[in-house]
C-alpha cells in the first residue's frame, strides 16, 4: 500500500497497477478498496491504464482529520492525482461520481471524466437530520440501516446483514455517510459547477437501474458542456465490472476493429477503455468540408432535403454513410429527440436531445468505417434537422452505401414505434418514455434488418384509424398525418422519391380505436365505431394501393387487445372484403409477451419475440422471396427482472448478495 498526504495533513492510502494513461477510481458510499467494486474493476483495467484506487478519507487505510468539508475530499483526490503525475483521467461511481465532478471543476488535474450514475435525486423527508442525530448519538449501526432503507434495501435484508460478522466493518465507516450526503448537497444536479467542466466527459447509466437514477445521469450529461451519455443494458446501480471473453450479444460498447483491437470486454470495463482512445465531444474537432448531402448519405426515411439539410419527424429515420479516418462528426439539431450513433455496426454514443452543432466521435482506428445515425424516439411536435457527416482532420467522407433491394414500410401506433421498450418499469413519466423509447429496436426495425431491407417506421403513438386513444383530439386520426414528412407542419406532403416502392407495407392501426371505452360526448356508438373503422381502413388501403401499385403486398396486422376482439375481428373482415391476394391478414397473439415497457407496452423482449414471428411470416411473402437472403441479427437480451423491492421502491444497489455499497 502506498500513501500520499493531503493538504490538511490527512494520510490517503492508495494502490497502483497496470500500464497506460493514469486513471483514478473514486468509490461511492460505504465503499473502499477492501470492500467495494473498485479493486476488481482496477484489475480488469490494468491492460489499458495505470490505475490508482484509493480509500476516501475515513475509510480503509486513509485517515480522517476533523472538521470535514467537501473541499478536503477534493484536496484528497487532487493529492492522489498528484501522485499519478499531476494529470489523470477520473472515474467515479455514485456519490464518488459527484466528488469526481466537483474535482474536475476545481482545477486542471482531471483531463477526462467518467461518471456512473451520480445520484443527484432531490432529497425528501428528514434524512439529513436523522442521519446526523444517529451519528451524534453513536448509533452507527442504525445510521447504516437508515442509509440502506433510504436507497431501497428491504428491511428483511438489512436485518440479515446486521447479524453477519461484516456488519462491524460497515459501522466503522458509518460517519462517512454524512460526507457522501454533503458531497451530494441536497441531491440536485450542480449545474453551475458542471458548466465549468470543459474536459471530455462520459456519463454512464444502467439500463435496469431505477428511473430516478437514469434520469439523474441524463440530467448530469445535459449539464456538462462536453459529455456523452451511454446506457449499459441490463446493469443496475451495482454495475458489474467483470470481464468476459464472450462478447455480450446485447451490448456494443467496443468493437474489435477499433484502436483496442482484439479486446473483447463487456460492461463498464469496455466503456472505460474507450477513455484511452475515443471521446464524443460536441463542437470541438474541426470539420473538413462535406460534399452534397445525398451524394454521401443513404436514407430510406421520410425526409425533405433543402440547402444541404434533411428535415424529418418520424421515429426510426436513419442515415448511413462511409468514411475514412479516425473520427466522424454528425451535424444535427434536435432538442426534442434522442439518437444512436453507430460505427461499424456498434453503437458508440447516444445523443440525448442534441443541440445544434457537430457531435464528434473521435479516437477510432484509422481506415475505412461505416456510420449510421438513427432517431430513437418520437417527436411529432418538432422538426429534426440533419446536416450530414463530416470527417475529422486527415480523413474523408466516402461515397454513400448501396441501397438495399428490399424495402418495407411499417405503419402504426405506439407499438410500432417501440414506445418505452427499454424501460425497466411500467410506470413512466413523459421524459422517461422519451428516454426509453428506441424505434431502432422495435419489432419492425428488427425484422427489416434481419431481412436486409431498407425500411420506414411511420408510427404515431396514440393515433388510431378513426379514433385516437381514449377519444383524444377528436377530428384527427393517424390518417391526418400519414402523407407528411414533417408531422408538425399542417399541409406538408412528403415528396416521395421514385425509388421508394416497398415490396411490403405492414399496417398496424386499431389498438387506440378499440382499447378504451367510448366516452360520453364522443360521436360513436360501438357499432358506429366498427363501421367507421372498416370504411376508413378500406379508404386507406385504396391510398396505399394507388401509391405503390398492384405488386406491393399490404399486411393488415392485428394483435391482442385487453377485453375485446374488435380489432382482430374488424381487421380480418376488411381483408376478407377486399378479395385481393396481395392484401394479407397477420395476427400476433400475446403469448410469451410480458408488456413490461412503459404503460404496459411491449418490452424489448416482446419486440424481439414479435420480430421473430414477423420475420418468419414476411419471408414467405411472394414480393420478398426473390431479393437477397436473410441476414442473421443478434438477439437483444431480455432485461433482468427488477431487484427485490419494498413498498414499490426499487433498491439502488441491485443484488444485495454481492455488495452493499452503491
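In the condition set (1) in contact with a helix residue (DSSP H, G or I) (Cβ under 8 Å, 6 or more places away or on another chain); (2) without any contact (Cβ under 8 Å) to a residue 60 or more places away in the chain; (3) buried (at least 23 other Cβ atoms within 10 Å of the Cβ), residue 17 is compliant with all but (3). Taking segment 64-174 as the region of interest, the helices (runs of 4 or more DSSP H) fully inside it that hold 1 or more residues being at pLDDT below 95, assigned by TED's automatic domain parsing to the domain that holds residue 217 and under 28 Å from residue 4 (Cα atoms) are 70-83, 95-106.
Of everything in segment 38-51 that is surrounded by 24 or more Cβ atoms within 10 Å (Cβ to Cβ) and either more than 27 Å from the chain's Cα centre (by Cα) or part of a loop (DSSP other than H, G, I, E, B) (or both), the residue that is modelled with the highest pLDDT is 51.
Residues checked against (1) over 19 Å from the mean Cα position of the chain (by Cα); (2) surrounded by fewer than 20 Cβ atoms within 10 Å (Cβ to Cβ); (3) in the same structural domain as residue 440 (by TED's automatic domain parsing); (4) modelled with pLDDT of 95 or more:
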site	(1), (2), (3), (4)
577	yes, yes, yes, yes
581	yes, yes, yes, no
585	yes, yes, yes, yes
592	yes, yes, yes, yes
596	no, no, yes, yes
599	no, yes, yes, yes
604	no, no, yes, yes
610	yes, no, yes, yes
613	yes, yes, yes, yes
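The residue of segment 1-18 that is modelled with the highest pLDDT, among those that are in contact with a strand residue (DSSP E or B) (Cβ under 6 Å, 6 or more places away or on another chain) and not in a strand (DSSP E or B), is 6.
Considering only residues in segment 517-531 that are modelled with pLDDT of 95 or more and buried (at least 17 other Cβ atoms within 10 Å of the Cβ), the one that is nearest to residue 587 (Cα to Cα) turns out to be 530.
What residue, of 134, 115, is buried (at least 17 other Cβ atoms within 10 Å of the Cβ), under 18 Å from residue 56 (Cα atoms) and touching a helix residue (DSSP H, G or I) at 6+ places or on another chain (Cβ under 8 Å)?
115
Scanning segment 479-500 for any residue that is under 26 Å from residue 596 (Cβ atoms) and touching a residue at least 24 places away in the same chain (Cβ under 8 Å) turns up nothing. Given the criteria touching a residue at least 24 places away in the same chain (Cβ under 8 Å), buried (at least 21 other Cβ atoms within 10 Å of the Cβ), within 30 Å of residue 548 (Cβ to Cβ) and assigned by TED's automatic domain parsing to the domain that holds residue 443, does residue 417 qualify? Criteria met by residue 417. Filtering segment 335-356 for residues that are surrounded by 19 or more Cβ atoms within 10 Å (Cβ to Cβ), touching a residue at least 60 places away in the same chain (Cβ under 8 Å), out of contact with any strand residue (DSSP E or B) (no Cβ under 6 Å at 6 or more places or on another chain) and over 18 Å from residue 487 (Cβ atoms) leaves an empty set.
Out of 17, 9, 36, report the one residue that is in the same structural domain as residue 113 (by TED's automatic domain parsing) and closer than 17 Å to residue 172 by Cβ.
36
Screening residue 186 on (1) surrounded by 15 or more Cβ atoms within 10 Å (Cβ to Cβ); (2) closer than 18 Å to residue 73 by Cβ shows it passes everything except condition (1).
Going through (1) touching a helix residue (DSSP H, G or I) at 6+ places or on another chain (Cβ under 7 Å); (2) surrounded by 14 or more Cβ atoms within 10 Å (Cβ to Cβ) one by one, residue 485 falls short only on (1).
The residues listed here are 604, 624, 618; of these, the one that is under 18 Å from residue 412 (Cα atoms) and in contact with a strand residue (DSSP E or B) (Cβ under 8 Å, 6 or more places away or on another chain) is 618. Only strands (runs of 3 or more DSSP E) whose full extent lies in segment 365-431 are considered here, and the ones with at least 3 residues that are under 30 Å from residue 234 (Cβ atoms) are 368-375, 406-412. Scan segment 223-232 and tell me whether some residue there is in contact with a helix residue (DSSP H, G or I) (Cβ under 6 Å, 6 or more places away or on another chain) and surrounded by fewer than 18 Cβ atoms within 10 Å (Cβ to Cβ). Within segment 223-232, not a single residue is in contact with a helix residue (DSSP H, G or I) (Cβ under 6 Å, 6 or more places away or on another chain) and surrounded by fewer than 18 Cβ atoms within 10 Å (Cβ to Cβ). Just one of the numbered conditions (1) at pLDDT below 95; (2) in a helix (DSSP H, G or I) is not true of residue 29: (2).
Here residue 401 meets the list (1) at pLDDT below 95; (2) over 30 Å from residue 619 (Cβ atoms) almost entirely, failing just condition (2).
The values are calculated or read from the model by the stated rules, or taken from the named source; none is laboratory data. None of the values given here were measured: they were computed from a predicted structure. Please note: Cβ atoms are built from the backbone with ideal geometry, for glycine as well, and neighbour counts cover all protein chains shown.
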